[in-house]
Amino acid sequence: MAKVVEVDIYKPETLHKCASSGMWKPKNFDEACKRAAGRRAYNRQRRLARADRIEDILVIQDRFPHVTGRELAAYFKVHEATISRDLKFIKKVKEDYRQSMKVEMSAKSFRWVEDARGYEVSFEMVHGRRLR
């Protein structure tokens, strides 16, 4: 039978164990706030990079409808799994657009809102007629 050892990570004598195991414990509130701000900035940068990549993929798909995920991954220099997630998101958005508008979505119909935290799709109207 295995012996279970409980460790209280907040006791001073066990802090060295936490440091060696990769756990982080702030020394004060200011340090915690700085770390959180750094995470927010890093995640914002990643979110905006993804938004730019998705917009570019939509434009590429308009011009070259049969482009593969591997070709896109090589072009954007990202992992194939990353492009796969982006293509899955684009597929969902295009399906929703097709169901609601009864036409195919173009890259012009898609835009990000609120710092890439959400998106909206629209269609072009000229003289009361929907173009896309």
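The values are calculated or read from the model by the stated rules, or taken from the named source; none is laboratory data. Computed from a prediction, not measured in an experiment: that's the story for all the values here. Cβ coordinates were reconstructed from backbone atoms using ideal geometry, including for glycine residues, and neighbour counts include every protein chain displayed.
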Scan segment 42-54 and tell me whether some residue there is modelled with pLDDT of 90 or more, of a type in the set (Val, Ile, Thr) and assigned to a helix (DSSP H, G or I).
yes
Do we have any residue at all in segment 68-85 that's under 14 Å from Val121 (Cα atoms) and among the polar types (S, T, N, Q)?
no
Quick check, is Leu58 hydrophobic (A, V, I, L, M, F, W, C), surrounded by 12 or more Cβ atoms within 10 Å (Cβ to Cβ), modelled with pLDDT of 95 or more and in contact with a strand residue (DSSP E or B) (Cβ under 9 Å, 6 or more places away or on another chain)?
yes
Enumerate the pairs (first residue in segment 33-55 and farther than 18 Å from Glu120 by Cβ; second residue anywhere and loosely packed, with under 12 Cβ neighbours inside 10 Å) with beta-carbon separation below 8 Å, excluding pairs fewer than 6 apart on the same chain, so at least 6 apart or on different chains.
Arg35/Trp24; Arg44/Asp115
